[in-house]
Amino acid sequence: MEACMDFMNQLDLDMSMKVLMHLKDPSDLARVSSVSRSWRDFVIANGLFKHLCLRMFPQLFKVAYVMELNNCGAKEPVEVGSSHSMEWESLARDHRVYATLARVCTSFHVRDCISEAISASSTDYYPAETIDNTLLPAAIVSQGAYWSSKGQSNPAVPETLTYKLVSELCVITEIYIRPFKAFFQPGSPIYSAKSVRFRMGHPKSPNDLGSHLLGDSLPSADDTFVWTYTSPEFPMAQESCLQKFRLPEPVLCIGGILQIELLGRVQTQEMDGLFYICISHVHVVGRCLSPAFVVENLQPSGTFVLKKDMLCEFHTQESSSDNEAQEISDDQMRRRFRYLRNYLRNSNAIVIEEYESGEEEDVVEIEEYESGEEEDEA
């Protein structure tokens with residue numbers, strides 16, 4: 001034991017950095033910080049947690065600076081003492097914020113990250129075939145429960161579906177999309193796209209998410225949003241199932257906007273010979289980082305202030321199941337009841353698909369509804 005020594009003291013700065021920068025798991029770097037005071041000081045002084053977060057999520061290069069919040073508001077360094085002590089406090093604050101960020105990005109529960117639909121590039125019959133249909137909790141595949149584009153004679157014309165996520169900071173890992181099968185048309189055609197691509201970003205200004213975006217006459221999304229990430233292009237199968245598109249790496253969406261680009265058309269409608277794309281369900285899987293972290297002063301350039309809430313770092317995750325269920329219910333219950341009521345009145349059959357996170361196959365239940373049958377009393 002007397003012969004033990006700290007090998008870090010025997011290495012120069014560049015070599016020590018090279019060794020520790022090979023650590024990719026936040027928990028490993030946290031263990032390094034716990035070895036000794038000198039190791040912790042080394043991690044803080046060289047911003048190793050910040051470097052780790054930047055490797056995990058290049059979108060964080062747009063962070064102008066970080067802040068800590070408590071119940072009294074922002075926690076800023078007190079300007080007393082030497083400039084060295086103030087610089088060290090700034091480094092320590094960055095360490096705490098980025099260490100927490102790295103941890104929550106890998107430990108928060110996976111959930112559905114879509115909050116609401118914003119707009120579609122086109123809609124064939126609004127509002128019957130609105131983009132809102134793609135967010136029903138159980139995708140109801142019937143004559144009215146899908147989004148449809150306008151018809152095009154050129155199959156290369158793309159379409160876009162734009163959604164607002166549950167918070168301005170979400171780590172997105174995969175997206176599920178189900179093309180619509182028109183069982184009421186001859187041959188039951190499936191109106192899928194040839195391929196799909198995903199973009200994430202933020203509004204150019206807070207007012208760009210106002211009521212003027214709701215409806216069938218919408219401005220171009222490229223004029224409204226700044227896109228900070230664009231995924232590779234994924235082929236889409238012409239199959240009526242929940243198709244999984246996994247991103248090459250988890251993406252930190254800063255600004256809370258997701259756009260689905262539907263590229264190319266494969267199916268014509270018999271009555272007019274035009275190409276359409278129809279989608280019955282969209283599901284986005286990831287981790288919501290709010291309220292532990294919030295974004296402020298998001299500029300058109302993409303720079304922003306990252307704030308860590310010291311009081312609610314993890315409190316939402318331990319008891320999130322009931323709260324998330326209530327949030328989903330509040331957002332979508334009216335829509336669910338309205339559609340279910342209309343379909344029960346006007347349709348002979350309803351096909352309901354239940355989505356289970358982590359499962360790749362659909363579980364389909366068919367409930368037959370015969371008009372004229374005796375109904376239960378309310």
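Given the peptides 237-243, 267-273, arrange them by the average over their residues of other C-beta atoms within 10 Å, most packed first.
237-243, 267-273
Neighbour counting of Cβ atoms within 10 Å sorts the residues His95, His109, fewest neighbours leading, into His109, His95.
Each of Lys18 and Trp227 was given a label point 7 Å from its Cα along the Cα-to-Cβ line. The distance between the two points is 4.0 nm.
Phi angles across segment 250-259 convert, under the Karplus curve 6.51 cos²θ - 1.76 cosθ + 1.60 with θ = phi - 60°, into 3J(HN,Hα) values of x, 10, 8, 7, 9, x, x, 10, 10, 10 Hz, Gly and Pro given as x. Close amide H pairs (under 5 Å, H built 1.01 Å from N) link Glu68 with Lys75, Lys308, residues at least 5 positions away or on another chain. Distant-in-sequence amide contacts of Glu116, defined by a placed amide H-H separation under 5 Å and a gap of 5 or more residues or a different chain, comprise Lys164. Model label points for Gln185 and Val305, set 7 angstrom from Cα along the Cα-to-Cβ axis, are 5.2 nm apart. Tell me the net charge near Leu23. Cut-off is 13 Å between Cβ atoms, Leu23 excluded, with +1 for each Lys or Arg and -1 for each Asp or Glu. So the environment of Leu23 carries a net charge of +2. Under a Cβ-Cβ cut-off of 9 Å, what is the net charge of the residues other than Pro155 that fall near it, where Lys and Arg count +1 and Asp and Glu count -1? Net charge around Pro155: +2. Ordering of 177-187, 25-35, 193-203 by packing is 193-203, 177-187, 25-35, highest average first (other Cβ atoms within 10 Å, averaged per residue).
Residues Ser205, Ser192 in ascending order of nearby Cβ atoms (within 10 Å, fewest first): Ser205, Ser192. As a proxy for reagent exposure, Glu87, Glu129, Glu68 were ordered by neighbouring Cβ count within 10 angstrom, fewest first; the result is Glu87, Glu68, Glu129.
Near Thr160, the amide H atoms lying under 5 Å from its own belong to Ser121, Ser122, Leu262; only residues 5 or more places off or on other chains count, and H is placed 1.01 Å from N.
Over 31 Å between Cα atoms: which of Lys24/Lys62; Lys18/Lys164; Lys24/Lys307; Lys50/Lys194 fall into that group? Exceeds cut-off: Lys18/Lys164; Lys50/Lys194. Summarising the overall dimensions of segment 111-298 from its C-alpha atoms, the Rg and Dmax are 16.1, 53 angstrom.
At an R0 of 22 angstrom, the distance between the Cβ atoms of Glu68 and Ala30 translates into a FRET efficiency of 0.75. Ser290 sits among other residues whose Cβ lies under 10 Å from its own Cβ, and their net charge, with Lys and Arg +1 and Asp and Glu -1, is -2. In plain terms, the chain from Met271 to Ala237 could stretch by 9.9 nm, reckoned as 0.36 nm per residue minus the Cα-Cα distance. Between Tyr126 and Asp41, the contour length at 0.36 nm per residue exceeds the alpha carbon distance by 24.6 nm. Dividing the mean sequence gap of close Cα pairs (under 8 Å, 6+ apart) by how many residues segment 8-107 holds gives a relative contact order of 29 percent.
Every read-out reported here was derived from the displayed coordinates using simple, explicitly stated rules and does not represent laboratory data. In this text, all values refer to a predicted model and were calculated from it rather than measured experimentally. With ideal geometry, Cβ positions are generated from the backbone for all residues, glycine too; neighbour counts draw on all protein chains shown.
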